[in-house]
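Quick one: structure below, then a few questions.
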Amino acid sequence: MIPHPYHIPAERQFSSAHLISKAACWILAVMTLALPLSCIDEEQMPDTPQGNLEALWRIIDEHYCFLDYKRQAIGLDWDEVHTRYARRVDDGMSRSQLFEVLRDMLSELRDGHVNIFTSFDTAREWSWQEDYPTNLSDTLLRRYLGTHYRTTNGFNYLVLDDNIGYVRYASFSNEIGAGNLDDILTYLAPCRGLIIDIRSNGGGLISSAEELAARFTNEEILVGYIQHKTGKGHNDFSEMEPQYLKPSNGVRWQKRVAVLTNRGVYSAANEFVKYMKCCPQATIIGDKSGGGAGMPFSSQLPCGWNVRFSACPMYDRNKQCTEFGIDPDYNVGLTDQDFLRGRDTIIETARQMLREKP
């Protein structure tokens, strides 16, 4: 399954042009990492190619939350980007040509949460996963799952032949039912350990990520921080507010658990990895996750195209930005030799780890 970070089935577009309160932003941040909101007033620009470019550049300049971070991390100079792309627009260009220029300008941000939505195309940036090995094979997954696995609400699960529980969860786009998790964990309770495979999970509802992670802690734990934009300056943010993960009231897993990751793990799935990093019995195995640590908001260009962008940055418990991903505890890739033998290197590494005594 190819993740689509720019398309979250549960997301809603709002047309309000007013600022929402800090408290409301916090509530929305808890609900979902990928909920776009039109929360900002913009100075009206003319509906011309130059006017649309100026409007887009200004939206990012004043409201995007990672400009200073990406200046430090990748050398992004947003003023230089403006100069370079302003030379590419003229009044005689078509809508498609304008879209290509604006798309290319946004790609400089290297952010899968930054998009332009039009009636004919969607601008997206996938370098966070396309430039890396997939480390996932549908052929091998079918071999491990077979035909007698259980399935419910997006979860596919079974007991492997060495009494290790295996759960494949490919998207956080649906709400997770407490009853689903109770039944899954009760069924797998006799297992010696558990594998949760979220490779290529492109995200969805942050509430679902929290619901699943809450099954792996017995006490409230600090998992990270969030900030909110308070002004138009690149560093105008609120103080860091802590994020806590509370234990579920349902069935909780008490044994070791391995979470499998690759570069396709993004947005709410990236947050799930952040949470699980803090759970005492959890180990992250695979490749570095894809990132996506900004809660998206939305705005509109003079021509009517909708723009989505990261507005509220999130951090791990050490106050480190996870926009470019989270390192696993054990960095493992899928090898060609294992593939030819019908073995998934990452799954087998997790099984070996879980079979060993703690």
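The values are calculated or read from the model by the stated rules, or taken from the named source; none is laboratory data. Quick caveat: nothing in here was measured; it's all calculated off a predicted structure. Because the Cβ atoms are built from the backbone with ideal geometry, glycine has one as well, and the counts that use them run over all protein chains shown. Just the protein is used for accessible areas: all its heavy atoms, side chains included, with ligands, DNA and RNA removed. Shrake-Rupley method; radii C 1.70, N 1.55, O 1.52, S 1.80 Å.
Any idea what the dipole of the stretch 192-320 comes to, in debye rounded to 20, about its Cα centre with Lys/Arg Cβ at +1 and Asp/Glu Cβ at -1?
On the way: 16 positive and 11 negative charges, 80 e Å.
Using Cβ point charges on Lys, Arg, Asp and Glu, the stretch 192-320 gives about 380 debye.
Give me the 1.4 Å probe accessible area per residue for the stretch 108-237, excluding ligands and nucleic acids, in Å².
Ligands and nucleic acids excluded, the result is 42 Å² per residue.
For the chain, what's the relative contact order in percent, using C-alpha pairs closer than 8 Å and at least 6 residues apart?
Normalised by residue count, the contact order of the chain is 21 percent.
Between residue 259 and residues 5 or more places away or on another chain, which pairs have amide H atoms under 5 Å apart, with H built 1.01 Å from N, and which residues are they?
196, 283, 284, 285
Further question on the same structure: Of 345, 151, 261, which is the most mobile in a GNM of the chain whose springs link Cα atoms less than 10 angstrom apart?
Among 345, 151, 261, the largest mean-square fluctuation in the Gaussian network model of the chain belongs to 151.
Would you mind computing, in nm to one decimal, how far apart the modelled labels at residue 222 and residue 96 are, each placed 7 Å from Cα along Cα→Cβ?
For the pair residue 222/residue 96, the computed spacing is 5.4 nm.
Can I ask one more? Counting only residues 5 or more places away or on other chains, whose amide H sits under 5 Å from the amide H of residue 224 once H atoms are built in the peptide plane?
Amide H neighbours of residue 224: 243.
Continuing with the same structure: Among the aspartates and glutamates, which fall within straight-line cross-link reach of residue 246, defined as a Cα-Cα distance under 13 Å, with same-chain neighbours fewer than 8 residues apart omitted?
Cross-link targets: 210, 211, 219, 220.
Taking DSSP loops as anything outside H, G, I, E and B, show the longest stretch in the chain free of GluC sites (Glu not before Pro) there with at most 15 other beta carbons within 10 Å.
Free of exposed loop sites, the longest segment is 44-174.
Something else now. Using θ = phi - 60° and the Karplus curve 6.51 cos²θ - 1.76 cosθ + 1.60, what whole-Hz ³J(HN,Hα) does each residue of the stretch 112-121 get, with Gly and Pro shown as x?
Taking θ as phi minus 60°, the curve returns x, 8, 9, 9, 10, 10, 10, 6, 10, 6 Hz for the stretch 112-121.
Can you give me the Cα centroid spacing of the stretch 210-234 and the stretch 253-279 in angstrom?
14
Still on this structure: Could you tell me the largest-minus-smallest coordinate of the C-alpha atoms of the stretch 251-324 on each of the three principal axes, in descending order and whole angstroms?
So the three principal-axis extents are 55, 26, 22 Å.
Rounded to two decimals, what ratio of Rg to Rh does the stretch 160-277 give with C-alpha atoms and a Kirkwood Rh?
On the way: Rg = 15.9 Å, Rh = 15.4 Å.
Reported Rg/Rh (Cα atoms, Kirkwood Rh): 1.04.
Once fully extended, how much extra length lies between residue 44 and residue 335, figured as 0.36 nm per residue of separation less the alpha-carbon to alpha-carbon distance?
99.4 nm
Taking 18 Å as the cut-off for C-alpha to C-alpha distance, list the pairs among 274/319; 70/277; 232/319 that go past it.
70/277; 232/319
In sequence order, what are the phi-derived ³J(HN,Hα) couplings for the stretch 155-160 according to the Karplus relation 6.51 cos²θ - 1.76 cosθ + 1.60 with θ = phi - 60°, rounded to whole Hz, with x for glycine and proline?
9, 10, 8, 6, 9, 6
Turning to a different aspect of this structure: Loop-only check: which trypsin sites (Lys or Arg not before Pro) in the stretch 59-128 are DSSP coil with at most 15 other Cβ within 10 angstrom?
Details: sites: 70, 71, 84, 87, 88, 95, 103, 110, 124; in loops: 87, 88, 110, 124.
Sparse-neighbourhood loop trypsin sites (Lys or Arg not before Pro): 87.
Shifting gears a bit: Taking the Cα centre of the stretch 135-289 as the origin and placing charges on Cβ (Lys, Arg +1; Asp, Glu -1), which of 234, 267, 194 is farthest toward the positive end of the dipole?
194
Same structure, new question: Within the stretch 62-82, which residues have the backbone N less than 16 Å from the label spot 7 Å out from residue 238 along Cα→beta-carbon, could you tell me?
65
Counting other Cβ atoms within 10 Å, keep those with at most 13, restrict to DSSP loop, and tell me which chymotrypsin sites (Phe, Trp or Tyr not before Pro) in the stretch 121-153 are left. It would help to have the intermediate numbers written out before the result.
On the way: sites: 126, 128, 144, 149; in loops: 126, 149.
Nothing satisfies the criteria.
In whole percent, how big is the carbon plus sulfur part of the accessible area of the chain, probe 1.4 Å, protein atoms only?
Looking at the chain in its full context, I get 46 percent from C and S.
Where the centre of each part is set by its Cα atoms, how far does the stretch 298-358 sit from the stretch 143-202, in angstrom?
Using only Cα atoms, the two centres lie 18 Å from each other.
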